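The values are calculated or read from the model by the stated rules, or taken from the named source; none is laboratory data. These numbers were taken from a predicted model, which means no experiment stands behind them. Here the Cβ is made from the backbone with ideal geometry for all residues, glycine too, and neighbour counts use every protein chain on show. What goes into the accessible areas is simple: the full protein's heavy atoms, side chains included, and nothing from ligands, DNA or RNA. Shrake-Rupley method; radii C 1.70, N 1.55, O 1.52, S 1.80 Å.
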Amino acid sequence: MVEEVRKLKEQLVREWPEGKYKNLEIDAFLYQYQLLKNKEMGIKDLKERLTWFKKGSMTYQKPGSSAQVKTLEGPAAVEDAIEYLENLGEYNPYQFNSPDLVKSARFHADWCSSSGGVSHDSPLTGTSEERIRRVIKEAGEVAENIGVNLIDATGRDIILQLVIDDGVKT
């Protein structure tokens, strides 16, 4: 799989829209691609994340980071994510086919950052579904995930935060 991911990364570097967070976005895309092909990798990474929590605490600190992140559910959300991956069926990895979707997501992320809030709705661009359907006309079911507390984040951190889904009823 190493050679496959290397070739995909080369393709993404050529095709991904330029921007401040291009490398981080590509890193996140590549991690989720690998995760869908090898869920054991994600389970291992989540088990490592459990060790970041202070005993009996809802707060964790990533090794090497100065930031402490207070969660709503603590280790229980990580344990739920591990169980989810253990029971996950086979999935085909996503394909990158929309530079405009990346640009739309960036615009919304910039709005969230400048407004100081986190929301799927924006007075500038509408709902997440409206943003996605403006770019991908024939999208089936659509969803949006917004990462928070991404100080010193890697693509791996972003995708694992999505999988953990702390504080969201599932």
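Data for the structure
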{"item": "Rounded, prolate or oblate (a/c below 1.5 giving rounded, otherwise prolate when a/b exceeds b/c) for segment 11-79 by Cα gyration tensor", "result": "oblate"}
{"item": "Contact order normalised by residue count of the chain, Cα under 8 Å, 6+ apart, percent", "result": "28 percent"}
{"item": "Cα-based convex hull volume of segment 34-130 per residue, rounded to whole Å³", "result": "159 Å³"}
{"item": "Dipole magnitude of segment 68-170 about its Cα centre (Cβ charges: Lys, Arg +1; Asp, Glu -1), debye to nearest 20", "result": "540 debye"}
{"item": "Chymotrypsin sites (Phe, Trp or Tyr not before Pro) restricted to DSSP loop in segment 1-84 with at most 15 other C-beta within 10 Å", "result": "21"}
{"item": "Partners for residue 55 among lysines (Cα-Cα distance below 18 Å; same-chain residues under 8 apart left out)", "result": "47, 70"}
{"item": "Label-point gap, in nm, between residue 127 and residue 143 - each point 7 angstrom along Cα→Cβ", "result": "1.6 nm"}
{"item": "Spatially proximal lysines relative to residue 137 (Cα-Cα < 21 Å; intrachain offsets below 8 disregarded)", "result": "103"}
{"item": "Cleavage-rule hits (chymotrypsin sites (Phe, Trp or Tyr not before Pro)) in segment 87-150: DSSP loop, at most 11 neighbouring Cβ within 10 angstrom", "result": "91, 94"}
{"item": "Accessible area of the chain belonging to carbon and sulfur atoms, whole % at 1.4 Å probe", "result": "52 percent"}
{"item": "Taking N as its residue count, the alpha carbon Rg of segment 1-46 over 2.2 N^0.38 Å", "result": "1.22"}
{"item": "Accessible surface, the chain, averaged per residue in Å² (probe 1.4 Å)", "result": "65 Å²"}
{"item": "Label selected from (i) 16.6, 48; (ii) 17.6, 55; (iii) 23.3, 88, the criterion being Rg and Dmax of the Cα atoms in Å as computed here", "result": "(i)"}
